[in-house]
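What follows is a set of notes on a single structure, which appears directly below.
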Amino acid sequence: MAPDPARLVAFDVLRAVAEQDAYANIELSRLLRDRRISGRDAALATELVGGTLRLRGAYDAVLDQLVDQRLDEPVRDALRLGAHQLLSMRVPTHAAVDSTVELVKQRIGRRPSGLVNAVLRKVSARDLDDWLRDRSAAERLSHPQWVVDELGRALARPAELEALLRADNDRPTVTLVARPGLATRDELGGEPLAVSPYAVALAGGDPGEIAAVREGRAGVQDAGSQLVALALARATVDGRDDRWLDVCAGPGGKTALLAALAGQAGARVLANERQPHRARLVAQAVRAARGGMLGVVTGDGTRPAWPAGSFDRALVDAPCTGLGALRRRPESRWRRRLEDVADLVPLQVGLLEAALDSTRAGGVVVYATCSPVVEETAGVVASVLAGRGDVALEPASALLPEATDAESAHLAGAVQLWPHRHGTDAMFITVLRRTP
């Protein structure tokens, strides 16, 4: 039997992630489009990619019990795909094994096909829980040990750690944002979410088929990310309030929501993005809210091209390890290393310092990350506060009553969202006011 297009796409995405540092969701979308795959085949490919990446650590723990030789990485990826079908998708053994063997013959060669056949038949003999019965929590729940340690420290509730790790392995709901003044939640269908006044959970289907999404009046955006923009818009400022700044705007989802909110408030947003291709994505994302935009510029956010004190509000959605978005970016848990935290923190501090310098006295800055790691969140804010006498911390939690039980365990007044509690990415949100 020939491998079907969905499995070929899934394998090719896994290889692109491994060899080219590709983002799985972007590569998957590209290949589905280029190969004109839709409907059930597209859904199958999406589940194969996301599920295999999320549970890769667990499948490796199974495979390592069965194979005592070093596996070439393409062969290991094929075995992971087969294991996902056998252990998590209830695909019949003959279909999962035969299709994977044929995939190996077509994409890798005939030589390893016998090994793949034998290993997968052994995999099918037991269920996943049985295979992992005596393994560590990191292996059973498919997270690197350092990630488990960092998430546990950030959570500061040991009893909830397993629930958090399991939530990271759930297939994420497609969440849409109805950009205020441009679209309503009723237009989008789906189920309104309590955690954001603009959020809707889409039951199924292609978001691109919804008119408001096609036209840029709505978009795909996690509800936690929506709260970041809301925190900035809801904070009070002293005096004028017509110039807002997004320091790290790419790819533009938060900027588009900010622009809609700014347009309603009689303000406009300047979006800054360091990478030109991401700046182009921002320009595309804000196309329906241009009345709320000052423009999109390409530049280094740590070295502003504008005069100090130019803005009334500023957002720093800082580059980070992304460990709060492991449901949506499952490859991050395998790509990131603990050393990355130390590399990112100076950049995060520099971006926050620059945003504060760019904001006038009486204005506000929101610092946010899609990582809950303590050094990237409370640590960055504490470092900046310790070095400045012109900044005061304000309670972000008071601005976001929709997010209950969301107080940061490491910085009073900061908001820390969690997938197992709030159904969102693990966004960290804090508000800083420039003082005279």
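The values are calculated or read from the model by the stated rules, or taken from the named source; none is laboratory data. All of these numbers come straight from a predicted model, not from anything done at the bench. Counting neighbours? That spans all protein chains shown, and the Cβs are built from the backbone with ideal geometry, glycine included. Calculation scope for accessible area: heavy atoms of the full protein, side chains included, ligands and nucleic acids excluded. Shrake-Rupley method; radii C 1.70, N 1.55, O 1.52, S 1.80 Å.
Hey, any idea what Rg/Rh is for the range 330-416, computing Rh the Kirkwood way over Cα pairs?
A ratio of 0.99.
Viscosity 1.306 mPa s, temperature 10 °C: Stokes-Einstein D of the range 1-119 from its Kirkwood Cα radius, in µm² per second? The partial results should precede the final answer.
Details: Rh = 14.2 Å.
Rounded to a whole number, D works out at 112 µm²/s.
Determine by what factor the alpha-carbon radius of gyration of the range 1-53 differs from 2.2 N^0.38 Å, reporting the quotient.
Against the compact-globule rule of thumb, the ratio is 1.01.
Between SER38 and SER310, what's the calculated FRET efficiency when r is the beta-carbon distance and R0 is 45 Å? Round to 0.05. Present the calculation step by step, with values, prior to reporting the outcome.
Numbers: r = 47 Å, r/R0 = 1.03.
Between SER38 and SER310 the formula returns 0.45.
Using the alpha-carbon atoms, what tilt in degrees (0 to 90, nearest 10) does helix 5-20 show relative to the longest principal axis of the chain?
So the inclination is approximately 60 degrees.
Rounded to a whole number, what % of the accessible area of the chain do carbon and sulfur atoms account for, probe 1.4 Å?
After summing per-atom areas, the C and S share lands at 49 percent.
Under a crude label model (7 Å from the Cα following the beta-carbon direction), how far is ASP134 from ALA95 in nanometres?
For the pair ASP134/ALA95, the computed spacing is 3.5 nm.
Fully extended, how many nm does the chain gain between ALA342 and GLN275 (0.36 nm per residue separation, minus their Cα-Cα distance)?
Result for the pair: 21.9 nm of gain on full extension.
What does the accessible area per residue of the range 1-50 come to in Å², with a 1.4 Å probe and no ligands, DNA or RNA counted?
Per residue, the range 1-50 has an accessible area of 53 Å².
Would the range 372-436 count as rounded, prolate or oblate if I go by the C-alpha gyration tensor, calling it rounded below 1.5 in a/c and otherwise prolate when a/b exceeds b/c, oblate otherwise?
Oblate is the answer for the range 372-436, as a/c is 1.5 or above yet b/c matches or exceeds a/b.
Quick one: angle between helix 276-285 and the longest Cα principal axis of the chain, in degrees between 0 and 90, rounded to 10, please.
Its long axis makes an angle of about 80 degrees.
With a ≥ b ≥ c taken as the square roots of the eigenvalues of the C-alpha gyration tensor of the range 188-283, please select rounded if a/c is under 1.5 and otherwise prolate if a/b is larger than b/c or oblate if it is not? The partial results should precede the final answer.
On the way: a/c = 2.16, a/b = 1.35, b/c = 1.60.
Because a/c hits 1.5 or more and a/b fails to exceed b/c, the range 188-283 counts as oblate.
Find the Rg to Rh ratio for the range 24-80, where Rh is the Kirkwood radius over alpha-carbon pairs and Rg uses the same atoms.
1.08
Two decimals, Cα atoms only, Kirkwood Rh: what is Rg/Rh over the range 40-175?
Computed over Cα atoms, the ratio is 1.00.
In deg cm²/dmol, rounded to 500, what helix-only [θ] at 222 nm does the chain give when every DSSP H run of at least 4 residues adds -39500 (n - 2.57) and the total is split over its residues?
Numbers: 20 runs with 204 residues, N = 436.
About -14000 deg cm²/dmol.
Tally Lys and Arg at +1 and Asp and Glu at -1 over the other residues with C-beta under 14 Å from the C-beta of GLY362: what net charge comes out?
It works out to a net charge of 0.
At R0 = 30 Å, how high is the FRET efficiency between ASP21 and TRP146 if r is their beta carbon distance? Nearest 0.05 is fine.
Computed FRET efficiency for ASP21 and TRP146 comes out at 0.95.
Around ALA256, what is the net charge, scoring Lys/Arg as +1 and Asp/Glu as -1 over all other residues with Cβ under 9 Å from its Cβ?
Numbers: positive: ARG179, LYS254, ARG287; negative: none.
Local net charge: +3.
When the convex hull of the Cα atoms of the range 283-436 is projected onto a plane and the area is averaged over all directions, what value comes out in nm²?
10.2
Quick one: what are the phi-derived ³J(HN,Hα) couplings along the range 129-140, Karplus 6.51/-1.76/1.60 with θ = phi - 60°, whole Hz, x for glycine and proline?
3J(HN,Hα) across the range 129-140, in whole Hz: 4, 5, 4, 9, 3, 10, 8, 5, 4, 4, 6, 4.
Write down the accessible area per residue of the range 266-422 in Å², having rolled a 1.4 Å probe over the full set of protein chains.
Ligands and nucleic acids excluded, the result is 38 Å² per residue.
Need the full-extension length gain, ASP390 to ALA211, defined as separation in residues times 0.36 nm minus the C-alpha distance. One decimal, nm. Please report the intermediate quantities before stating the final value.
Values: separation 179, 0.36 × 179 = 64.44 nm, distance 4.59 nm.
That works out to 59.8 nm of additional length.
Which one, ALA386, ALA318, ALA211, has the greatest fluctuation when you compute a Gaussian network model over the chain with C-alpha springs under 10 angstrom?
Between ALA386, ALA318, ALA211, it is ALA386 that shows the largest mean-square fluctuation.
Could you compute the net charge surrounding MET89? Neighbours are other residues with a C-beta less than 12 Å from the C-beta of MET89; K and R count +1, D and E count -1.
With Lys, Arg at +1 and Asp, Glu at -1, the neighbours total +2.
Cα convex hull of the chain: mean projected area in nm², to one decimal? Numbers along the way, then the final one.
Details: hull surface 82.3 nm².
The orientation-averaged projected area of the Cα hull of the chain comes to 20.6 nm².
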